[in-house]
Amino acid sequence: MATVTPRTLSGFMELLPAPQQQMERMMEILRTTYSRYGFTPLDTPVIEASEVLLAKGGGETEKQIYRFQKGDADLSLRFDLTVPLAKYVALHYNDLAFPFRRYQIGKVYRGERAQRGRFREFYQADIDIIGDGKLDITNEAEIPSIIYQTFTSLGLTRFQIRVNNRKILNGFYAMLGLTEQSGDIMRTVDKLDKIGAGKVRTCLTEDVGLTAEQADEIMRFISITGSNRQVLDALAGYQGRHELFDQGLEELNTVTRYLSAFGVPEENFAVDLTIARGLDYYTGTVYETTLLDHPEIGSVCSGGRYDNLAAYYTERQLPGVGISIGLTRLFYVLGEQGLLNPQLPTAPADVLILPMTQDLTPAIRLATRLRSAGVRTQLYTEQKKFKAKMNYADKLGVPYVVFLGDDEIAAGQVACKDMTSGEQTKLSFEDTLSRITQGLSQRNQGKVILE
């Protein structure tokens, strides 16, 4: 029979067991943190009807979507978790309690060009709060505070959540008489980190069609920097010239004040007028999060306030605010930078039992007792040489190997080897269990990410 050469498609991540354990540990921290803030888990289908996913239509999204026919059905793979959420809330409106708070960690698919650090299949980790008719501004401060808590729990300290408000931008462009071009302007400004100020100005004049004076006015505006208080005070100088601008500034002041109350240090968030977010559905507060020591990575977490996302599925007003972590890309980049903690356990088991007797009953009973005590235990029963068994334990990275022979069974003891230190003991079950649990507790200390 002819064999097929195994391969993984370009743009699809496939991890070996140890890094997969690291990824699972990151996901568990996200789930734990999100749950602590009262978010419920949600899992929506990977495949949806194309008319549902593409209700808005057009743009880059439609070019990148994986779309196919199955019989008479026109189907597509989801390209984010936000649009399926909008469908879900509209569909199950009568069964949900509002504000509806959900988190979802799931794979999404985009048929863009695969390149280093960019994937066609990748995990997103989203949190969103959906209101019924209205949604209080406090939620727009709580969302980034959750990201602060999530990142610090992962082990990051040198990061910054950059905050702006689309109403400020739209109001400012309206002052310049550029309301119709505001979407194109914001998409252009959103590229500032990638292409630089000079090219942004060129794009504003050549591609968007602004005059040199208008482009210069915009560049001066987005260049307002300083402490959060200094930026907000500078913006106050524009008050009274447009109602939308004033509303946005009031919201930004509120979000900034509440972020401090939520316990986010000022060094971890900044008012940044260059943050626009390219997607059209954002209507208020917008966020981007960057790692201060690795600006080349770009935003690792972004989102914002939206008022009309569910408008394609329902006539009800369902405003929301949310933020998304590109988990696969973040994990990849952290690995490339050597920032994933190699000291944390990645083995699938805490203990490997090597029976040294023909009758496996005592070893099976020991495995059952260890598992009942919460210790992840694997029973090795393959008929191989002792060296091969120890090599297996070493390759998996199992921290403890237990030997159970006739002498141990007769004495009511357990022989246990610490694979890190090489120390071997022969103790009672209770004392061995205590030694293992204490050792595991020490091994599990520390954060997933090193800085």
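The values are calculated or read from the model by the stated rules, or taken from the named source; none is laboratory data. Keep in mind it's a predicted model, so treat the numbers as computed, not measured. Note: ideal-geometry Cβ built from the backbone for every residue, glycine included; neighbour counts use all protein chains shown. Heads up: the accessible areas ignore ligands, DNA and RNA and are worked out on the full protein's heavy atoms, side chains in. Shrake-Rupley method; radii C 1.70, N 1.55, O 1.52, S 1.80 Å.
Annotations for the structure displayed:
- For segment 8-25, the count of residues that are β-branched (V, I, T) and assigned to a helix (DSSP H, G or I) is zero.
- Elements of type helices (runs of 4 or more DSSP H) contained in segment 173-220, each with 2 or more residues being touching a residue at least 24 places away in the same chain (Cβ under 8 Å) and closer than 19 Å to G248 by Cα: 182-189
- Of residues in segment 195-230 being in contact with a Leu (Cβ under 7 Å, 6 or more places away or on another chain) and buried (at least 19 other Cβ atoms within 10 Å of the Cβ), the one nearest to V271 (Cα to Cα): I222
- Any strands (runs of 3 or more DSSP E) falling wholly within segment 31-93 and containing at least 1 residues that are hydrophobic (A, V, I, L, M, F, W, C) and without any contact (Cβ under 8 Å) to a residue 24 or more places away in the chain: 67-70
- Residue within segment 247-258 that is surrounded by fewer than 19 Cβ atoms within 10 Å (Cβ to Cβ), over 28 Å from the mean Cα position of the chain (by Cα) and at pLDDT 90 or above present: yes
- Test: residue in segment 261-271 that is touching a helix residue (DSSP H, G or I) at 6+ places or on another chain (Cβ under 7 Å), of a type in the set (A, V, I, L, M) and more than 20 Å from I161 (Cβ to Cβ): no
- Segment 345-359 residues that are more than 16 Å from T432 (Cα to Cα) and polar (S, T, N, Q), paired with ones that are in a loop (DSSP other than H, G, I, E, B) and open to solvent by 10 Å² or more (accessible area, probe 1.4 Å) (beta carbon under 9 Å, 6 or more apart): T346/G397
- Scanning segment 407-451 for residues that are in contact with a Gly (Cβ under 9 Å, 6 or more places away or on another chain) and of a type in the set (A, V, I, L, M, F, W, C) returns A415, M419, F429, V448, I449, L450.
- So V321, is it open to solvent by less than 40 Å² (accessible area, probe 1.4 Å), under 17 Å from Y148 (Cα atoms) and part of a loop (DSSP other than H, G, I, E, B): no
- Failed criterion for R241 (all others in (1) touching a Pro at 6+ places or on another chain (Cβ under 6 Å); (2) open to solvent by 40 Å² or more (accessible area, probe 1.4 Å) hold): (1)
- Any hit, segment 122-131, residues being open to solvent by 30 Å² or more (accessible area, probe 1.4 Å) and out of contact with any Ser or Thr (no Cβ under 7 Å at 6 or more places or on another chain): no
- Reported count of residues in segment 90-108, each being open to solvent by 30 Å² or more (accessible area, probe 1.4 Å) and of a type outside the set (K, R), is 10.
- Residue within segment 190-210 that is acidic (D, E) and farther than 26 Å from L330 by Cα present: yes
- Residues satisfying the stated conditions in segment 61-89, i.e. surrounded by fewer than 19 Cβ atoms within 10 Å (Cβ to Cβ) and within 26 Å of the chain's Cα centre (by Cα): T61, E62, K63, Q64, I65, Y66, R67, D80
- Annotation: of all residues in segment 8-58 being among the aliphatic types (A, V, I, L, M) and more than 19 Å from L77 (Cα to Cα), the one that is surrounded by the most Cβ atoms within 10 Å (Cβ to Cβ) is M26.
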